[in-house]
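Enquirer: Quick one: this structure, given as structure tokens, is what I'll be asking you about.
A short reminder: the numbers here are calculations on the coordinates, not readings from a lab. Values in this document were obtained by computation on a predicted structure and should not be read as measured data. All Cβ positions, glycine included, derive from the backbone under ideal geometry; neighbour counts span all protein chains shown.
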Amino acid sequence: MKTIQILGTGCAKCQKLAQQTTAAADALGIEYRLEKVTQIDQIMKFGVMFTPALAVDGVVKVSGKVPDLDTIKALLS
Amino acid sequence: MTQQTSCSCGETASKRKVLVYACSGAANVAEIADRVARQLTAEGLGQMFCLAGLGAGIANMIQTARDADLNLVLDGCPLDCARLIFQNAGVSNVHIIRVTDLGIAKAKGVPVTDQQVQIVLDAARQALATA
């Protein structure tokens, strides 16, 4: 099971990334657990400077942008 | 006391995502680079980021550098340590400023002057305006 984390304080972009990522993961049919990391100090521990960011199993895949669905699918695969 | 934090999504601003690095060496030119990087951050022109993290190969930090619109790198001297770190990390969206190219001689144990910092700061602001 993959652990998918959405890093962001909860603004519209963060929520959009969460929605897109959920849609991508569901479309791929993978088993996953989605976690929203909203505390700045926790986000900083990932080494990101820009949110929203997407991490899969602790590895940051993208930060500072909301990729399109196909890109997110590729990042999750 | 609650620390006020703000979202870094840039939702309301169309600002570029600029990260700023200093070579963090021991000589005067490195101190100048460090002071300029911090000043640019204070002015909101970029965010200082940790060059050592990239040098250590920390994957999440390298990804962050890749995702920036621009990485402004302040190298102190022709050894180009910071540039080489970026090269080794495979991050190419970089603009380099070398302090010694701006007429400031490398030395150790020599105090940095505000005028020297200003020279590099001006060059960095110019680079950010055009890069």
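Enquirer: Could you give the spread of the C-alpha atoms of the protein assembly as shown along their three principal axes, from largest to smallest, in whole angstroms?
Expert: Principal-axis extents of the protein assembly as shown (Cα, largest first): 60, 38, 34 Å.
Enquirer: Shifting gears a bit: With the radius of gyration and the Kirkwood radius both derived from the Cα set of chain A, what is their ratio Rg to Rh?
Expert: Numbers: Rg = 11.1 Å, Rh = 12.0 Å.
With Rh from the inverse mean 1/r over Cα pairs, Rg/Rh is 0.93.
Enquirer: Turning to a different aspect of this structure: Could I have the simple spin-label model distance between A:A74 and B:L79, label points 7 Å from Cα toward Cβ, reported in nm to one decimal?
Expert: Label-label distance for A:A74 and B:L79, simple model: 3.9 nm.
Enquirer: Something else now. Could you grab the relative contact order for chain B? Cα pairs under 8 Å, six or more apart, rounded to a whole percent. Could the numbers behind the result be given before it?
Expert: On the way: 199 pairs, mean separation 38.1, N = 131.
That works out to 29 percent.
Enquirer: With a Förster radius of 25 Å, plug the Cβ-Cβ distance of B:T100 and B:A52 into 1/(1 + (r/R0)^6) and report the FRET value to the nearest 0.05.
Expert: On the way: r = 21 Å, r/R0 = 0.86.
Step by step, r from the Cβ atoms, then E = 0.70.
Enquirer: Given the options B:R35, B:R16, B:R83, which has the most mean-square fluctuation in a GNM of chain B, springs set between C-alpha atoms less than 10 angstrom apart?
Expert: In this elastic network of chain B, the residue with the biggest mean-square fluctuation among B:R35, B:R16, B:R83 is B:R16.
Enquirer: Then there is this: Which residue, B:G44, B:G76, B:G109, has the most motion in a Gaussian network model of chain B that connects Cα atoms within less than 10 Å?
Expert: B:G109
Enquirer: I've got another one for you. Please determine, in degrees from 0 to 90 and to the nearest 10, the orientation of helix B:28-42 with respect to the longest principal axis defined by the Cα atoms of chain B, where the helix direction is its Cα long axis.
Expert: Orientation of helix B:28-42: about 30 degrees from the principal axis.
Enquirer: Follow-up question, since we're still on this one. Work out from phi, with θ = phi - 60° and the Karplus expression 6.51 cos²θ - 1.76 cosθ + 1.60, the ³J(HN,Hα) of each residue of segment A:11-24, listed in order in whole Hz, and give x for Gly and Pro.
Expert: Listing the rounded values in order: 6, 4, 5, 4, 5, 5, 4, 4, 5, 5, 5, 4, 4, 5 Hz.
Enquirer: I've got another one for you. If you take the beta carbon distance between B:N93 and A:Q42 as r and set R0 to 25 Å, what does 1/(1 + (r/R0)^6) give as a FRET efficiency, to the nearest 0.05?
Expert: Details: r = 27 Å, r/R0 = 1.07.
So, using R0 = 25 Å, E works out to roughly 0.40.
Enquirer: Let me ask something additional. Output needed for chain B: three equivalent-ellipsoid semi-axes, defined as square roots of 5 times the C-alpha gyration tensor eigenvalues, in descending order, whole Å. Display every interim value, and only then the final one.
Expert: Working: eigenvalues 116, 64, 40 Å².
Ellipsoid semi-axes (Å, largest first): 24, 18, 14.
Enquirer: Within 10 Å of each Cβ in A:42-49, how many Cβ atoms from other chains are there, averaged over the peptide?
Expert: On the way: counts 0, 2, 0, 1, 5, 12, 7, 14.
Rounded to a whole number, the mean comes out at 5.
Enquirer: Another question about this same structure. Report relative contact order for chain A in percent, whole number only (criteria: Cα-Cα under 8 Å, sequence separation at least 6). Could the numbers behind the result be given before it?
Expert: On the way: 130 pairs, mean separation 31.8, N = 77.
Taking the mean separation of contacting Cα pairs over the length of chain A, I get 41 percent.
Enquirer: Still on this structure, I have one more. List the pairs from A:K45/B:K15; A:K2/B:K15; B:K17/B:K108; B:K15/B:K108; B:K17/B:K106 whose alpha-carbon separation is above 28 Å, in the order I gave them. Before the final figure, lay out each step's value.
Expert: On the way: A:K45/B:K15 24 Å; A:K2/B:K15 33 Å; B:K17/B:K108 34 Å; B:K15/B:K108 37 Å; B:K17/B:K106 31 Å.
Pairs exceeding the cut-off: A:K2/B:K15; B:K17/B:K108; B:K15/B:K108; B:K17/B:K106.
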